[in-house]
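The values are calculated or read from the model by the stated rules, or taken from the named source; none is laboratory data. Here the structure is a predicted model, which means the values were calculated and not measured. Quick reminder, even Gly has a Cβ in these numbers, built from the backbone with ideal geometry, and neighbours come from all protein chains shown. Side chains included, ligands, DNA and RNA excluded: accessible areas come from the protein's heavy atoms. Shrake-Rupley method; radii C 1.70, N 1.55, O 1.52, S 1.80 Å.
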Amino acid sequence: MSRKLMLASSALATLLVVPAAGYVTYQLIAERTVILADGSVSDDRKRVDDTRLDPEQPKRDQPGDGKQEVANPEKKDAAPDQPEVSGLIEQTESRPEPVIADQDAEPAVGRTETEVSVPAEEQRLAASPTDADSSAATTAEAPEGAMDALSLAKPSTVPALAAKRMKTIGGATLSEGIIAQPQVRIEEETGDRFTSKDTNPVKSVVSEPVSTFSIDVDTASYAYARQSIMNGGRLPEPDSVRVEEMVNYFPYDWKGPDTAEEAFKANVTVMPTPWNQHTKLMHVAIKGYDVQLAQQPPANLVFLIDVSGSMDEPNKLPLLKSAFRLLVNTLKPDDTVSIVVYAGNSGVVLEPTRVSEKQTILDAIDNLKSGGSTAGADGIEAAYRLAEKAFRKDGVNRIMLATDGDFNVGPSSDEDLKTMIETKRRSGIFLSVLGFGTGNYNDGLMQTLAQNGNGVAAYVDSLSEAQKTLVQEATSSLFPIAKDVKIQVEFNPARIAEYRLIGYETRALKREDFNNDKIDAGEIGSGHRVTAIYEVTPVGSAAVLNDDLRYAEKEKKDQAATTTDAPAANSDELAFVKIRYKKPDEDTSSLITLPVRASEEKPTIDAAPTDVRFSVAVAAFAQKLKQQAQVSDYSWDSIAALALAAKGDDSYGYRAEFLKMVELAKSLKGE
């Protein structure tokens, strides 16, 4: 009888205790306070609290102190100092214990979706990189709401909800909130403004044999694309990409003229097209005469600086001040510097001052502060007054406008500003523009100001870019050797059926503008390099897009024969290049001509000079960013391979940086 009573008591106890124990276990798991381990089980929250109260607690818990390490009970012989993963968590050699994640937990208040903060006390419980990566892979494959307990029982200190969130960028799906994964910075759409312009079409040589455009030495588009890809984590707006500015960003070893009398020299290379086996590339490279330091004329510079409220960001006014300090250190003692600021009302910060008083200039720069709205028009007028006051008839007179491009207050319209700058340009005062930051960047207006001011438009996204623009290339940016530089190419219809100018859409000129000295065009500075690339289709090629005309064909051919030099039409000339320019202090242009012969064509891409091949890779990349159909089948990997094979001398690392941009663009595109 007593035996039956004992059995009944045990059964009754089981009925009471087991449900209670199950309920307690469920609550502990739900609250994420249980560590499932091979060794002893400890309360995670209590351990964290103990650590906060006693900072020495983690040290006493190390193996060898007589205590078991919860995160890794088998790790006895590991080195005391382990490398960090992503600067957040410790790396372990053996498998860590999984942490049960709270599926209903919400992300921490005040954090962005892509940023997860990990308390130092919990870092010891995190996983090794291998396990974290497998967790991310599991998460990416499982649809939302279909994650089982095993998927969640990975070493993670973030809520399961965060582990399940996904973000798609350019076709690539990225998981968020997984510890030990590199964070991806995702920015909202910027408020930057760009002017839309159709890309150059393929033209028939029979109907339109002549191509005319103004040269462009600006580099703003490349620097803006770089900051978008490498800092912003996004591909640049297609309208922000100007192929010629991307290509002209890099220093190339084009052959230049021997004397200043020649101004510059043209070099032409014809080669197969990497992205189309049925066409060829005609590569025109110009190098300006490089004025030596001793020959540089004196400079009268006015820094026109935007100090409006929108400039109060680290990559704007503080970077701007550092950039101008670099520039001042390159000037000669006899040069003069003035400073004008604008924000609500414009003001003169520094009257024309000799660089021999360098500290006075640097102090004025250092004391600049931001605030107010942007009355850019008034500032420009004040800058021109100072430039006229210190005008150097025998030197360079230039305004350096530095801004984020936001001219949102002032009586003058964009057209009024353009007219004023054109008028002042004729008096010998030029204007260059330096752009900073994002959010207010008015690219279209800045391009207009620089083009009409016979100046350079550059975008400064880092101190290294300021060093390149204002120090390494200071002579190119400040000292012109030729103005109103125009290029005209006439194609031989007996050899070339069609052509397409790659880039220079904003610099197109009419055929009759070439010989008109009243038409404004681009400026070339000391040592400047300019590259233009045509994709041409030979007669009889399978790539010809335009059908022969049924009725007008004979008439057009007869007209072409009468306007084309007959010997040239029947020779091996593919095209005839003409360059017209004026010297900085002259109003009458000079002419340079150069025939392009089929006999000089390179048989393969690899046979072309190294710098030519690299510039073609950059042109392909820029067209890819603009989403142009011509390169749609040319892969990012092909661009990278072409650039890598032609990397050549890369003293400043610009080409290595370009290769990184190509790889990142491919990832952002999800290809």
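One line per residue, one yes/no per condition, for (1) out of contact with any Asp or Glu (no Cβ under 9 Å at 6 or more places or on another chain); (2) under 18 Å from Met661 (Cβ atoms); (3) modelled with pLDDT under 95; (4) aliphatic (A, V, I, L, M):
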residue: Glu188; (1), (2), (3), (4): yes, no, yes, no
residue: Asp192; (1), (2), (3), (4): no, no, yes, no
residue: Lys197; (1), (2), (3), (4): no, no, yes, no
residue: Val217; (1), (2), (3), (4): no, no, yes, yes
residue: Gly232; (1), (2), (3), (4): no, yes, yes, no
residue: Leu235; (1), (2), (3), (4): yes, yes, no, yes
residue: Glu244; (1), (2), (3), (4): no, yes, no, no
residue: Asp258; (1), (2), (3), (4): yes, no, yes, no
residue: Val268; (1), (2), (3), (4): no, no, no, yes
Note to self: I'd like to verify a number: residues in region 450-488 that are under 22 Å from the mean Cα position of the chain (by Cα) and assigned to a helix (DSSP H, G or I), how many?
What the structure shows: 15
Check: In region 227-263, how many are touching a Leu at 6+ places or on another chain (Cβ under 7 Å) and aromatic (Phe, Trp, Tyr)?
Finding: 0
Checklist line | Sole residue being surrounded by 24 or more Cβ atoms within 10 Å (Cβ to Cβ), touching a residue at least 12 places away in the same chain (Cβ under 8 Å), closer than 19 Å to Met311 by Cα and not hydrophobic (A, V, I, L, M, F, W, C), chosen from Gly435, Gly444 | finding: Gly435
Item checked: Residues of region 427-466 classified as modelled with pLDDT under 90, closer than 22 Å to Ser370 by Cα and not small (Gly, Ala, Ser), total -> 7
Item checked: Filter result (in contact with a helix residue (DSSP H, G or I) (Cβ under 7 Å, 6 or more places away or on another chain) and assigned to a helix (DSSP H, G or I)) within region 191-237 -> Ala220, Ser221, Tyr222, Ala223, Tyr224, Ala225, Arg226, Ile229, Met230
Next item on the list: Tally the residues that are open to solvent by 20 Å² or more (accessible area, probe 1.4 Å) and not in a loop (DSSP other than H, G, I, E, B), restricting the search to region 251-265.
Entry: 4
